[in-house]
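Read the structure below first, then the notes.
Derivation of every value follows stated rules applied to the coordinates shown; laboratory data play no part. Remember, predicted model here, so these are calculated numbers, not experimental data. Because the Cβ atoms are built from the backbone with ideal geometry, glycine has one as well, and the counts that use them run over all protein chains shown.
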Amino acid sequence: MSGPSVLFIGGSGVISASCVREAVEQGFDVTVLNRGTTGGRPIPEGVTRLQADVSDRSALADVLGDRKWDTVVNWIAFTPDQVQADVEYFAGRTRQYVFISSASAYQTPATHLPITESTPLKNPYWQYSRDKIACEDLLMAAYREQDFPVTIVRPSHTYDETKLPLTGGWTAVARMRAGKPIIITGDGSSLWTLTHSRDFAVGFTGLLDRAEAIGEAFTITSDEAPTWNAIAQEIAAAAGVDDLQIVHVPADAINAVDPEWGAALLGDKANSSVFDNSKVRSLVPWYRPRTPYRHGVREVIAWFEANPDAQVVDERLDALMDELAARWAV
């Protein structure tokens, strides 16, 4: 007898691929729906694969037909019009609809730590976060007014072996190895929570097909929150760099020369982010992240070493970092 059925819309991303694997291991009957384009992470054996562009509702209806699922998870909904279309389409087709929001939706900067689910949602700096808040507002209204069975999940910075947390990704490692300074915002002492996707997946999967999770929001993160300076030092150690050079630059100064980079700092990374995971543990008491960043980052560097085509240096960003370093070096 198969386990509860779950439809993942998406399923090949940094977080979602780990959750697909965990759901399979936990005995769920998993279906993944995506566009089938190349570049995603592999889908495990035993998963039903469907192909459609979720933005094309006619094509979606053709692929899904009259099927129903115990749980539907949309990993690629970012705007209110997208979630409104899901409310209309999946009402009556699922017992639980899981929306992937973002911890960046919480009050930024937070007036107190740790951040909990009762922390207000307010981010005046980053449109991505404001869109996620608007999606949450729409879904909770649908829950109250239409009994739409929503569960909201708010990840923070979640990575797998392919992702580095510093702006520019491999560009920062290349600079370290070349003896060039990297850029860290502020004085580097703000606290930042990094969560490995395989750890996140344990907490996340524990919420699937849970009636107690309907109408609720959950933060799922690691309990570890190193400083940005410490994060950079761990990356350097994993990359074999003994003499790491850091230049600290205010987020406002970065925003002035690169608004996209600046928005991600002002609206997220420049602010200390420490989270209380008590709520998810109230339903998933076995959720205990097991990958400290000093171990996880070694997996990341090993992956890049095994995939030289991924060692891409962003030349524009590299030049901009040179300019910032020259201006702000003490």
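Show me, bin by bin at 10 Å from 0, the whole-percent P(r) of segment 42-163 based on Cα pairs.
11, 38, 33, 15, 2
With each pseudo-label sitting 7 Å past Cα toward Cβ, what's the residue 237-residue 163 distance in nm, one decimal?
2.3
With the dipole of the chain worked out from charges on the C-beta (+1 for Lys and Arg, -1 for Asp and Glu) around the Cα centre, which of 165, 308, 321 lies farthest toward the positive end?
Working it through, the farthest residue towards the positive pole turns out to be 165.
Could you give the size of the charge dipole of the chain about its Cα centre, using +1 on the Cβ of each K and R and -1 on the Cβ of each D and E, expressed in debye and rounded to the nearest 20?
Around 400 debye, computed over the chain.
With point charges of +1 on the Cβ of Lys and Arg and -1 on the Cβ of Asp and Glu, referenced to the Cα centre of segment 147-243, which listed residue (220, 236, 205) lies farthest in the positive direction of the dipole?
So the residue furthest toward the plus end is 236.
Between residue 35 and residue 95, take the C-beta separation as r, use R0 = 25 Å, and let me know the FRET efficiency to the nearest 0.05.
After rounding to 0.05, the efficiency reads 0.45.
If you line up the Cα atoms of the chain on their principal axes, what length do they span on each, largest first, in Å?
63, 42, 38
Mind sorting 144, 95 by how few other Cβ atoms lie within 10 Å of their own Cβ, fewest first?
In order of increasing Cβ crowding within 10 Å: 144, 95.
Principal axis extents for segment 174-282, Cα atoms only, whole Å, descending order, please.
Principal extents (Cα only, largest first): 53, 33, 20 Å.
Compute the normalised compactness of segment 142-207: alpha-carbon radius of gyration over 2.2 N^0.38 Å, N being the residue count.
Here the Cα radius of gyration is 1.67 times the empirical estimate.
Along the charge dipole of the chain, pointing to its positive end and built from +1/-1 on Cβ of Lys, Arg, Asp and Glu, which listed residue (60, 283, 248) has its Cα farthest out?
Positive-most Cα among the choices belongs to 283.
Give the peptides 117-124, 197-204, 303-310, 158-165 in descending order of average Cβ contacts within 10 Å, highest first.
197-204, 158-165, 117-124, 303-310
Do any of 132/279; 68/132; 180/269; 68/122; 68/163; 122/180 go past 32 Å between their Cα atoms, and which?
Among 132/279; 68/132; 180/269; 68/122; 68/163; 122/180, the Cα-Cα distance tops 32 Å for 68/122; 68/163; 122/180.
Using a Gaussian network model of the chain with C-alpha springs under 10 Å, which one of 282, 18, 189 is most mobile by mean-square fluctuation?
282
Please compute the modelled spin-label separation between residue 210 and residue 82, points set 7 Å along Cα→Cβ, answer in nm with one decimal.
Between residue 82 and residue 210, the simple spin-label model gives 2.5 nm.
Taking springs between alpha-carbon atoms closer than 10 angstrom, which of 145, 224, 216 fluctuates most in the Gaussian network model of the chain?
Comparing 145, 224, 216 in a Gaussian network model of the chain, the most mobile one is 145.
Of all DSSP beta bridges in the chain, what percent run antiparallel (nearest 5)?
Within the chain, antiparallel bridges account for around 5 percent of the total.
At residue 57 and residue 178, where each label point lies 7 Å from the Cα along Cα→Cβ, what is the point-to-point distance in nanometres?
Label-label distance for residue 57 and residue 178, simple model: 4.9 nm.
Taking square-rooted eigenvalues a ≥ b ≥ c of the alpha carbon gyration tensor, is segment 4-74 rounded, prolate or oblate, where a/c under 1.5 means rounded and, failing that, a/b exceeding b/c means prolate?
oblate
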